[in-house]
Amino acid sequence: MSRRPIAQINVDALAQNFQHIQSIAPKSKILAVLKANAYGHGLLAVAEQLKAAGAFGVARIDEALMLRAGGIVKPIVLLEGFFHPDELPQIVASNLQVVVHHKSQVEALLNAELEAPVHVWLKIDSGMHRLGIYPAEFQQVYQQLMASPNVLKPLRLMTHFACADEPDNPATERQLALFSELIKGYEGELSIANSAGVLAWPQSHGDWIRPGLALYGVSPMLAGRSAQHGLRPVMTFSSSVIAVRDVKKGEAVGYGAAWTAPVDTRLAVVAIGYGDGYPRNAPSGTPVLINGKRFPIVGRVSMDMTTIDIGSDPVNIGDQVILWGEQLAVEEIAELVQTIPYELLCNITSRVQLRYIGDNLS
């Protein structure tokens, strides 16, 4: 019996999520965001399943090169652009597209000697204040890029929302208004909406949408759940019971004796811990599923093991334990550990086996 935790990836759910997102924004092309190992779901495997995507988005050039080495020929966009001018020849050779968000990148691009021009997505800071050309710089930068033989025309124009996961927050309307005013009269396809923008802000859909978390069947909205948006969780994260132990009332369990049994009970020891990506700060009471029933974690999560209070229920060595999935929302676990689902999914480590299932598995 293998003790290795499994992240089971349902490619049929992935395909359904993609189709659902496309139905919400039927006039937009989809730039599927695959950064951070496709949010923990497997970079190349997910790309191979999303054949209908118009392009893929990654954060860094090494991710793009992994896709190219894996045989992916679809357009790939470097969402953080290039970090150094020395990367430009590789970008051209690998037929990559770049987001340009800073004047230093503009200058490097204008001054480079390239064998072919580069497809540029010009990012404008409309209020996120993280990356993006300042609004006051937009006109000059746009004209410089349009005049450069190193840049394919037309440009694509983009921005990024800061608060789209809060439908009542007026910041998103302010960002939309500023972006719309800045680009008025300028040529170029528009890309504004991330996952939350796709779901909550239809006026932001534009020519390209950029779904990430929603593709994987997780709600990008604060306090949301996937089912509210017609999405199916793609990942089921599970492990197995490796021991069942009797514990007497008053006996402490685990590191720091952080939990003491209030009554005589039984514990299941599960082969999962922070070394696999399960959050160490999951408090006692955080649920798992065993044989379809919820049981609470008790004591501290350790590197390789976690203890579950199973009482008198018939739980046995080898039983599957689901940490999150279609019947136990990763959003719920994230709320309990005071983080966001993005972090939980991206923290899955290489010790976990990625296993792909589905009728449409290619």
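Annotation: of all residues in the stretch 224-276 being among the hydroxyl-bearing types (S, T, Y) and either under 22 Å from I333 (Cβ atoms) or modelled with pLDDT under 95 (or both), the one that is surrounded by the fewest Cβ atoms within 10 Å (Cβ to Cβ) is Y255. The set of residues from the stretch 48-74 being surrounded by 20 or more Cβ atoms within 10 Å (Cβ to Cβ) and either touching a His at 6+ places or on another chain (Cβ under 8 Å) or over 21 Å from A193 (Cβ atoms) (or both) comprises Q49, I61, E63, A64, L67.
Every condition in (1) of a type in the set (A, V, I, L, M); (2) outside any helix (DSSP H, G or I); (3) under 26 Å from the mean Cα position of the chain (by Cα) is met by L114 except one, and the failing one is (3).
State yes or no: is V241 in contact with a Ser or Thr (Cβ under 8 Å, 6 or more places away or on another chain) and either among the hydroxyl-bearing types (S, T, Y) or part of a strand (DSSP E or B) (or both)?
no
The numbered conditions (1) in contact with a Ser or Thr (Cβ under 8 Å, 6 or more places away or on another chain); (2) on the phi > 0 side of the Ramachandran plot are all true for G188 except (1).
Being of a type in the set (F, W, Y) and touching a Leu at 6+ places or on another chain (Cβ under 7 Å) is a description that does not apply to F295.
Of the residues making up the stretch 7-24, those that are open to solvent by less than 30 Å² (accessible area, probe 1.4 Å) and farther than 14 Å from A45 by Cβ are N17, F18, I21.
Against the definition (more than 23 Å from L34 (Cβ to Cβ) and either modelled with pLDDT under 95 or open to solvent by 10 Å² or more (accessible area, probe 1.4 Å) (or both)), how does P279 come out, yes or no? Yes: the conditions hold for P279. Inside the stretch 291-354, counting only strands (runs of 3 or more DSSP E) that do not spill past its ends, which hold 2 or more residues that are surrounded by fewer than 22 Cβ atoms within 10 Å (Cβ to Cβ) and at pLDDT 95 or above? Filter on the stretch 291-354 gives 293-298, 320-324.
The values are calculated or read from the model by the stated rules, or taken from the named source; none is laboratory data. Computed from a prediction, not measured in an experiment: that's the story for all the values here. Methodologically, a virtual Cβ is constructed for each residue, glycine included, from the backbone with ideal geometry; neighbour enumeration extends over all protein chains shown. Heavy atoms of the whole protein, side chains included, go into the accessibility calculation; ligands, DNA and RNA do not. Shrake-Rupley method; radii C 1.70, N 1.55, O 1.52, S 1.80 Å.
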